[in-house]
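Below is one structure, written out as C-alpha cells; comments come after it.
Please treat every number below as a calculation from the coordinates, not as lab data. Worth saying up front: this structure is predicted, and the values here are computed from it rather than measured. All Cβ positions, glycine included, derive from the backbone under ideal geometry; neighbour counts span all protein chains shown.
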C-alpha cells in the first residue's frame, strides 16, 4: 500500500475557534519533474524509452493548456477532468455593460475533478482508502528535506473549491482541487 507521510501541527492562532487543536499536514518527500516522471513511467515495463515518454508528456502539457485556454474541458479516463474557473474581483460590476474582463476578473484558475467512476474512483473519499498514513516524525532523518509548498505557492485549504468562485456565476464543478502548501493558519475551521 502507498505511504502518505504527515506531520502533526497545532493551531496557534489565538483568535481561532480551533485554537490549540492538532491537525495532520501532508509531508512530501520529493517533487517529480517531467523528466523524472518520464523515467518512472519507462521503468514500468514500457516499450518506450524515457525520451519518448518525456516527449509525450511535454506535448500533453502544452496541448492541455491550449485546450483549457480555448474553453474546453479535458477528461483523462481513469484520472479526471481538467477545467478552468474564473475568479472575480470583489464587488463586481455595478451594471452588466460596466463589466470588463481586464478590470473585473482577478484570475483564471486551472481546476481538477478526480474520476469518480466505480472502477477508477479517485475521489477524496475513495482515494483515502488506498493509502497508509505514516507519521513522518517516525522517519526522522530518512526523508529528504523538500519544501512542502508547491511552486507558485498555494494554501492547504483544499477541498471543494470549484463552484461559485468570487461571486462570478456558478460553475457547478465542485471537486477536489486540493490546495497544496502549508499555510500555518489553515486547519479546516
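What is the distance, in nm, between label points placed 7 Å from the Cα along the Cα-to-Cβ direction at residue 49 and at residue 117?
3.3 nm
Within region 1-15, what residues put their amide N at less than 14 Å from the label point 7 Å along the Cα-to-Cβ vector of residue 139?
1-8
What does the convex hull of the Cα atoms of region 2-139 come to per residue, in Å³, rounded to a whole number?
Spread over its residues, the Cα hull of region 2-139 gives 210 Å³ apiece.
Quick one: length gained pulling residue 23 to residue 127 fully straight, 0.36 nm per residue minus the C-alpha distance?
The residue 23-residue 127 span can extend by a further 35.5 nm.
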